[in-house]
Every structure is written in C-alpha cells, then in structure tokens.
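Accompanying notes for the structure given below.
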Amino acid sequence: MHYRMKPTNKSQYLRLSLIFILIILVWSQERTRKFIGHHDWDNIYWETAAENYQQYGLISTRFQPIVNAYQSTPEEWDVNQHHPPGIPLLTYLGIGLFGNSEFAARLVPLLTSLLAAALIFQTAKQLYGNKVALLSLVFFGFTPLMIYFSAKIGHEQFTLPLMLTVILIYKAWLKHPKKWHIPTLTLLVIVGGFVSWAWYLFWVLIGCHAFIYGKKARIRNLWPIFVGIISTIASLILLYIWQQPDSINTLRDAFLSRTTNNADEVITPLLWSMVVGSRLLWLPTPVVTFLAIIGIFKLIRGKPNENEILLVIPALVTILYCGVFWQATYKHDYLIYYLVAPFSIWAAVGFFKTLYAYGDRPKLAWRLILYSLLVLYVFGSARWSLRLFNIDVVQERYDWAVLIGKSTTPDEIAVINLEDYGAPHLSYYAKRRVRFEVTPTEVTSPSSPENWGFYVFCEDKDTVPPKWLMTYQYQFDKLNDNVGCYLIDLKP
C-alpha cells in the first residue's frame, strides 16, 4: 500500500526537515517565561535542587534533592526523596552548562523531547514506512501535551526517548543480534533506573515480550540486563540509606500518599475516570485519539506482528503507572505523557488505513473528509495549547516574591494569611522563608517573632482587612484591586 513507501527522494527529506523546524519553533515558545504557569512548581522543585547542588556541593548534600529555595543549614534541609535522583542531577548539568535561568533549566528536557520526536519518526518508519512516519511526527510534535510539556523538567521527558531507544535496539536484537546490543541495553537499564520509577515497569513488559517472542537460546543472553536492573535497585536503596536512615519509610509514605485517598479530597472511581478520560481527549486532541482508536482496531484485525506489539508497551506503562498511582494521576495531567508516542503512530496508521480503505486511489470527497480532520487537529491543538499556557498562571505570586525579596534580609521570614497552596513560587523567587496561615492578630501580637519582616494579607468575601491595616504605621501597598492583597512591611 502507498503508506508503506520509503523515502527515496529529496522532497521527502525536505518535508521531514520542515516538520522538525516547525516543531522546534513551536516547542521553543514561552521557554524564557518565569515558573508561574500550569505545573511549573515541578520546574521550581528540580531547579531549586540543582541550584542547591551548586551552592552546597554534590558530596555535601549526598546527592539529595534539597528544595529549600533560601539559605539554610543541613538541619533545615527539606529533601524530596520520592523519586530517583536523576532529574535534579540532569538539571544541575543543564544549568551548569547554560547558566541559572528558566530557559537553561528547560533546555535539557526540550532537547531530550526533540530526541524523542526523532525516535518516533524512526520507529514509525521501520514499522510502516515514510508516510506514516511523517504523519506520526506531525501528530506527536503538535499535540497540546507536547507543545506545553516538552520542556517541563520531569521524569517523562527523559524517560520517553530512553524507551524508544530500547525498543529500536531490542527490535534489531530480535531480528539480527549483534555484540553491542546487550551491553548497550544494559547501560540504558542503569541510566533509566536512576531517572524514573516507570522505567522498571517498562522493563518488566520488555521481559514479557522477550519471553513470548524471543528465541529461548537468545533469552539466556539477556542475563546482563537482569543483573543491571538488580544492581540499579540495590544501588538506589544503598544511596537512599546513606542519604537518610529513614529513607525507606519516606518512600513508603510517598507511595501511600499517591495510591490512597486523603482526608482533604476523596476521589471516587467515577470522578477519576471522567477527569483522566477527558485528558485522553484534549491533550492528544480528539482527532488523534479518534484516529488512534481506528488504527488500533485496524491493527488488531490484521494480527499485529511482534514488532508492532512493542508499541503497546509504552501504552501499558501509562495504564499501569496511572492505575497504581491513581491519586497522583488525578492531580497531574502530564502523567499520560508516554501514551502520546504510540497514539501518534497508531493515529497515522488509522489515517492512511482509512484513506486507502477503498483502494489505492481514494475519491476526492473521501480525501476532503479525511484531510479536514487534519485541519481540525491543527485548530484544536492550537486552542488547547493556548489554554495550557494560560491556566493556573500566578503572576501575582511572582510580583509578591520580588517585592518580598527586595524588602527583607535573608534571615527574615515573610508571613501570609493564606493557606499553604502547595506551590513554592514565593519562596523560590524571593529566596526567603515563607510561613502561611498567619492571622493579623498574630502579626500584631507583642510576642510575634522579631524576624517576621513582611506580611501578605489577602481579602475575600469572608476575610476583610482589619482596621489597623488601613492605618498601619508602616508602609502597605494594595497590589491589585482585583486580587485584594496587601503587602505590608513589618519593620519600622
């Protein structure tokens, strides 16, 4: 069929180059913006940990991701041990090479995401030919999820290209084993094991595939990979214990917090299904999801071979990971990241299978119907991408932080009457300690700490400014009429 044609002329390479240039241009938008947008607190955590590696040293910190954004002592360090340490270390490498800035912190994940795009093209090309590969690249590169999250500092951005690399090497090993295949796969096992927990699920599924489709004589040769996995797990356990004696308990508590309901918010199975299901529509776009479903059914009817089954593995990793860590999945929409890779290829297959369903020369009307889906994809992707860039923006938090940083010294604490909203914007950009839920009564109390240097008071329908605020003897500033927040210098 036509969709299996391979690249044989310059025009096809020109199309590929043009698509990559467009992807680079689109993915590079808003990468110098402050960390004040949707899920940018993840960027703040890992950037802070990387900066602390610079400030205190890797050995002094014992490679612990320290997320205190202010000057602190080892006794005060707030350590995030919920994940393997690879992400803050890679971020440390990035800002070490390119400088401490939002753009520098986002640059490394952006580059690894571009590598994933190249690997998507190569995987689709080997399986289905050049036409499917080009359209897969379009679907992958211009989905809202990739446009927004491609430069996010996260485990998914580093793990996906590792998965695709393993799939390509493993596929080659199944067909014609070479001496370098197993050592390379073993090295990738170790590298990925220090980056993401999902990586271990991926290798369990690769092992199942090898057991089903691999020749028994060759399976025995996979023992270095098994040793690599066990060695990596053992190394992580020893590293955690060296860092903190109770690290294993911390990991257990983190696991339970991501797999059980908490008292603040009860998530029912129906609510979870509705929320996650809606993301499967709008993050890849309804067009890609619709075409991917068609592609899956077409492939199932055609009895997929062992190589095509490999695409199921990233999808199963997503399903299993999101199913186990369902509470985290409810809060973090980007956890379906791995699913976009196979979806993009299946959507391209679905498109061409449908286009040529009635022969190699589809009628004009049929072509117009299908190509109109591509137009809808472009407009839908643009709409949802803009939405991602504009939701949850906390510009006022950055403005407060700048003013707090200018108005206080490093040993002073900024206090605020709001509940702790769980995001570190104030502390990160002010480089100061921040304490939440401090009432005006506590501020005016004679026993209030002397190092409270700044107070942020926000009003709403249930909380109005106390009278003393309007006649306070020191300066205050109502930041924004709509926000209704006052910034008060507590020093004479």
Completion exercise
When Phe35 is run through (1) of a type in the set (Phe, Trp, Tyr); (2) in a helix (DSSP H, G or I); (3) surrounded by 17 or more Cβ atoms within 10 Å (Cβ to Cβ), the failure sits at (2)
Handout entry: Boolean, Gln126 is in contact with a Leu (Cβ under 7 Å, 6 or more places away or on another chain), surrounded by fewer than 19 Cβ atoms within 10 Å (Cβ to Cβ) and farther than 30 Å from Asp253 by Cβ
Key = no
Handout entry: Looking only at the range 249-279, and only at residues there that are surrounded by fewer than 13 Cβ atoms within 10 Å (Cβ to Cβ) and aliphatic (A, V, I, L, M), the one that is farthest from Phe343 (Cα to Cα)
Key = Ala263
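Taking the conditions exactly as written (crowded, with 19+ Cβ neighbours inside 10 Å and either touching a strand residue (DSSP E or B) at 6+ places or on another chain (Cβ under 6 Å) or closer than 28 Å to Asp392 by Cβ (or both)), does His82 satisfy them or not?
Values: crowded, with 19+ Cβ neighbours inside 10 Å: no; either touching a strand residue (DSSP E or B) at 6+ places or on another chain (Cβ under 6 Å) or closer than 28 Å to Asp392 by Cβ (or both): yes.
No: the conditions fail for His82.
Collect the residues in the range 414-444 that are assigned to a strand (DSSP E or B) and either touching a residue at least 60 places away in the same chain (Cβ under 8 Å) or crowded, with 19+ Cβ neighbours inside 10 Å (or both), keeping them in residue-number order. Please lay out each step first, then the result.
Going residue by residue through the range 414-444, those that are assigned to a strand (DSSP E or B) are 414-416, 433-435.
Across the range 414-444, the qualifying residues are Ala414, Val415, Ile416, Arg433, Val434.
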Handout entry: Failed item in (1) over 16 Å from Ser427 (Cα atoms); (2) surrounded by fewer than 14 Cβ atoms within 10 Å (Cβ to Cβ); (3) not small (Gly, Ala, Ser), with Glu76 passing the rest
Key = (1)
Exercise for the section: Identify, from the list Ala172, Ala133, the residue that is part of a helix (DSSP H, G or I), free of Cβ contacts under 8 Å to residues at least 12 places away in the same chain and out of contact with any Leu (no Cβ under 7 Å at 6 or more places or on another chain). Expected result: Ala172
Fill in the blank from the handout: Over the range 96-105, the set of residues closer than 13 Å to Ile44 by Cα, of a type in the set (Gly, Ala, Ser) and either in a loop (DSSP other than H, G, I, E, B) or more than 18 Å from the chain's Cα centre (by Cα) (or both) is Ser101
Completion exercise
With the first residue restricted to the range 306-323 and required to be buried (at least 20 other Cβ atoms within 10 Å of the Cβ), and the second required to be in a loop (DSSP other than H, G, I, E, B), Cβ contacts under 9 Å at 6 or more apart or on different chains are Leu311/Pro304; Tyr321/Trp197
Completion exercise
Out of (1) in a helix (DSSP H, G or I); (2) surrounded by 13 or more Cβ atoms within 10 Å (Cβ to Cβ); (3) not aromatic (Phe, Trp, Tyr), the one Ser196 does not meet is (1)
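Assess whether Lys363 counts as being surrounded by 13 or more Cβ atoms within 10 Å (Cβ to Cβ) and of a type in the set (Lys, Arg).
Details: surrounded by 13 or more Cβ atoms within 10 Å (Cβ to Cβ): no; of a type in the set (Lys, Arg): yes.
No, not satisfied.
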Practice task
Being touching a residue at least 40 places away in the same chain (Cβ under 8 Å) and either touching a helix residue (DSSP H, G or I) at 6+ places or on another chain (Cβ under 6 Å) or in a loop (DSSP other than H, G, I, E, B) (or both) is the filter; apply it to the range 225-258 and report the residue that is farthest from Phe194 (Cα to Cα).
Solution key: Arg258
Exercise for the section: Name every residue in the range 68-97 that is β-branched (Val, Ile, Thr) and either under 19 Å from Tyr200 (Cβ atoms) or touching a Gly at 6+ places or on another chain (Cβ under 9 Å) (or both), in order of residue number. Expected result: Ile87
Problem - Scope the range 282-328; condition over 26 Å from the mean Cα position of the chain (by Cα), part of a loop (DSSP other than H, G, I, E, B) and under 22 Å from Phe211 (Cα atoms); matching residues - result: Lys303, Pro304, Asn305
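Considering every residue within the range 369-384, establish whether at least one is within 24 Å of Gln71 (Cα to Cα), touching a helix residue (DSSP H, G or I) at 6+ places or on another chain (Cβ under 7 Å) and either in contact (Cβ under 8 Å) with a residue 12 or more places away in the chain or assigned to a helix (DSSP H, G or I) (or both).
First, pick out the residues of the range 369-384 that are within 24 Å of Gln71 (Cα to Cα): none.
Checking the range 369-384: not a single residue is within 24 Å of Gln71 (Cα to Cα), touching a helix residue (DSSP H, G or I) at 6+ places or on another chain (Cβ under 7 Å) and either in contact (Cβ under 8 Å) with a residue 12 or more places away in the chain or assigned to a helix (DSSP H, G or I) (or both).
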Problem - Selection within the range 41-66 - of a type outside the set (Phe, Trp, Tyr), surrounded by fewer than 22 Cβ atoms within 10 Å (Cβ to Cβ) and in contact (Cβ under 8 Å) with a residue 60 or more places away in the chain - result: Asp42, Arg62
Practice task
Spot the failing condition for Leu222; the list is (1) without any contact (Cβ under 8 Å) to a residue 60 or more places away in the chain; (2) under 30 Å from Val138 (Cβ atoms); (3) not in a loop (DSSP other than H, G, I, E, B), and only one is missed.
Solution key: (2)
Exercise for the section: Please determine, by comparing only the residues of the range 362-393 that are small (Gly, Ala, Ser) and more than 24 Å from Arg31 (Cβ to Cβ), which one is modelled with the highest pLDDT. Expected result: Ser372
Exercise for the section: Tell me which of these Val266 doesn't satisfy, since it passes every other one: (1) in a helix (DSSP H, G or I); (2) farther than 22 Å from Ile167 by Cβ; (3) among the β-branched types (Val, Ile, Thr). Expected result: (1)
Problem - Qualifying position, being closer than 22 Å to Phe149 by Cα and in contact with a helix residue (DSSP H, G or I) (Cβ under 9 Å, 6 or more places away or on another chain), among Asn52, Asn80 - result: Asn80
Problem - Within the range 59-95, tally of residues that are over 20 Å from His155 (Cα atoms) and assigned to a helix (DSSP H, G or I) - result: 6
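The values are calculated or read from the model by the stated rules, or taken from the named source; none is laboratory data. Note that this is a predicted model, so its numbers are computed, not measured. All Cβ positions, even for glycine, are placed from backbone atoms using ideal geometry, and neighbour counts span all protein chains on display.
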